[in-house]
Amino acid sequence: MEISAQHVWLMLSSAMVLFMTPGLGLFYGGMTRAKAALNMIMMSFISAGIVGVVWVLWGYSMTTGDGFLGLFGNPFAHFGLQDLIGSPDLIKAGFAATFAIITVALISGAIADRAKFGAWAVFVPIWVTVVYCPLAYMVWGGGLMSAGGALTEIFGQVIDFAGGAVVEVSSGTAAFVLALIVGKRHGFAKDPNHRPHNVPFIMIGAAILWFGWFGFNGGAATTAEQAGLIWVNTLVTPAAAMLSWLVVEKVRHGHPTSLGAASGVVAGLVAITPSCANITPLAALGLGLVAGAACAVFVDLKYKFGFDDSLDVVGVHFGAGVIGTLSLGFIAFPQEGVAGGLLYGGGPQQLIAQTVAVLVTIALSGLGTLVIGRAIHKTIGFRVTHEHEVTGVDLTQHAESAYEFGLTAHGHFRQQQAHLSSLISRKPAPSTSEEARSSAKEDSFA
């Protein structure tokens, strides 16, 4: 096998996208309280471990090749990837795995501070198998919304170059459903301590995400011309989104914040994901301005509607994912086989195709997450106890602390467990056990 420049670029891009997942862990970890930072980072890390194994065994097989009714591929077609040894397709399989990893990791931000780590470890492989793999097959692998697919024949060819629907809308939808199932954090919208504990972590995580996104969007580029367009669009859209988010923040709240800058960057990256190879840099600039301003408003809707999306997965990833996917119906420029969006005289066909893709994604991810999440919640339970949430999921789930304050000997688990037991045994003063049970029942979508 010869290694071409394109092969090398794809392997480098794969490493960049994989690096995004620990970057996401830092981004999310900084946004939580100090007593939940490690748990949040671990939810990203365990996603990489579990999905990496699933992908080799059956995940990749489900996203390619001959499928079942255009819904998913044969899970055993490339079982263990044995038949890809000696083929450059093995590089593509590795690249695709990194997308699956970060997609499910994104969901974890919606249930920060209150989810059982074991329940999350059960959720990850099932969700990837039942939701992500079918969606990836439908859009990219030859399924219903791919070229020649049944839905494509009726509504037209959807454009989703790097995963606006497959990655962003699906994870945002799942985050919303899972937040409802797990329920609100105790003190949600009331406790002033529910705020980011480490803003530098957030900024570093956002920087890693921005860096990795050049591989995320650009890894599949087939020509230098296309790669250049993707690179510039991936630069300008988050840049514009950051600025518009800060302006909205200044107008609404009086101050531009570091958290707002980081969140604006991520909103812009999400918005450009589906359209990075199909719009001009000028259009990408406009898309960033719209996405940043809109998501700065979207993130506050959780307080209005009363659902606890802890780290704004719904407001940023679902919101910007829908904006970016639907925008192609207006600003996609004409290319071979693509008439272009409404602003290029292409008619409504592209907007119809993009809308169908969003609706199918919401339906599949929403229903799949509801079934999986409810099943886990009703059996092993998805939420930690009130006492464990008050103590902090770092200690109760991992017997570790992100910061050493001299109270425990980090790494000496016997001492930590003794300290942990004494903490858990102390009932919170404001609540009796009966009140805690009643509050948990009220807060969860059980």
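The values are calculated or read from the model by the stated rules, or taken from the named source; none is laboratory data. Predicted model only: the values in this text are computed from it and were never measured. All Cβ positions, glycine included, derive from the backbone under ideal geometry; neighbour counts span all protein chains shown. Side chains are part of the model used for accessible areas, which takes the heavy atoms of the whole protein and leaves out ligands, DNA and RNA. Shrake-Rupley method; radii C 1.70, N 1.55, O 1.52, S 1.80 Å.
Computed values, structure above
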quantity: Global form of the stretch 74-159, assessed from the alpha-carbon gyration tensor, a/c cut-off 1.5; calculated: oblate
quantity: Exposure rank, largest accessible area first [VAL371, VAL322, VAL313; 1.4 Å]; calculated: VAL371, VAL322, VAL313
quantity: ILE111, ILE50, ILE380, ranked by accessible area, largest first (probe 1.4 Å); calculated: ILE380, ILE50, ILE111
quantity: Between helix 281-298 and the chain: long-axis angle, C-alpha atoms, 0 to 90°, nearest 10; calculated: 30
quantity: Under-25-angstrom lysine pairs by C-alpha in the chain, whenever the two are 8 or more apart or on separate chains; calculated: 29
quantity: Charge tally in the Cβ shell below 11 Å around VAL266, where Lys, Arg are +1 and Asp, Glu are -1, VAL266 excluded; calculated: -2
quantity: Amide proton proximity set for HIS78, modelled H, under 5 Å, gap of 5+; calculated: SER61
quantity: For PHE382, solvent-accessible area (1.4 Å; no DNA, RNA or ligand), Å²; calculated: 0
quantity: Carbon plus sulfur fraction of accessible area for the stretch 108-160, probe 1.4 Å, in percent; calculated: 70
quantity: Solvent-accessible surface ranking, highest first, for GLU153, GLU387, GLU400 at 1.4 angstrom; calculated: GLU153, GLU400, GLU387
quantity: Given charges at Cβ of Lys, Arg, Asp, Glu: the stretch 28-143 dipole, positive-most of GLY70, GLY143, ALA115; calculated: ALA115
quantity: With Cα atoms, 0 to 90° folded angle of helix 199-218 axis to the chain main axis; calculated: 20
quantity: Under Karplus coefficients 6.51, -1.76 and 1.60, residue-wise ³J(HN,Hα) of the stretch 75-90 in Hz, glycine/proline x; calculated: x, 9, 4, 10, 4, x, 6, 4, 6, 8, 5, x, 10, x, 4, 5
quantity: Accessible surface, per residue, of the chain when the full set of protein chains is kept, probe 1.4 Å, Å²; calculated: 41
quantity: Long-range HN-HN contacts of ARG383 with modeled amide H, under 5 Å; calculated: LYS116
quantity: C-alpha long axis of helix 5-31 to longest principal axis of the chain, angle in °; calculated: 30
quantity: Gyration tensor (alpha-carbon) shape descriptor, the stretch 231-281, a/c threshold 1.5; calculated: prolate
quantity: Long-range HN-HN contacts of SER310 with modeled amide H, under 5 Å; calculated: ILE111, ALA112
quantity: Whole-Hz couplings from phi, Karplus 6.51/-1.76/1.60, listed for the stretch 266-278; x for Gly and Pro; calculated: 5, 4, x, 5, 4, 5, 7, 3, x, 10, 4, 9, 10
quantity: Rounded Å value of the spacing that divides the Cα centres of the stretch 190-209 and the stretch 58-131; calculated: 29
quantity: Karplus 3J(HN,Hα) series, Hz, for the stretch 384-396 with 6.51 cos²θ - 1.76 cosθ + 1.60 (x for Gly, Pro); calculated: 6, 5, 4, 4, 5, 5, 5, 5, x, 6, 4, 6, 6
quantity: Of all accessible heavy-atom area on the stretch 272-344, the percent that carbon and sulfur account for (1.4 Å); calculated: 72
quantity: The stretch 282-401: C-alpha gyration tensor shape, a/c 1.5 cut-off, then a/b vs b/c; calculated: prolate
quantity: Spatial separation of Cα centroids for the stretch 279-341 and the stretch 140-163, in angstrom; calculated: 20
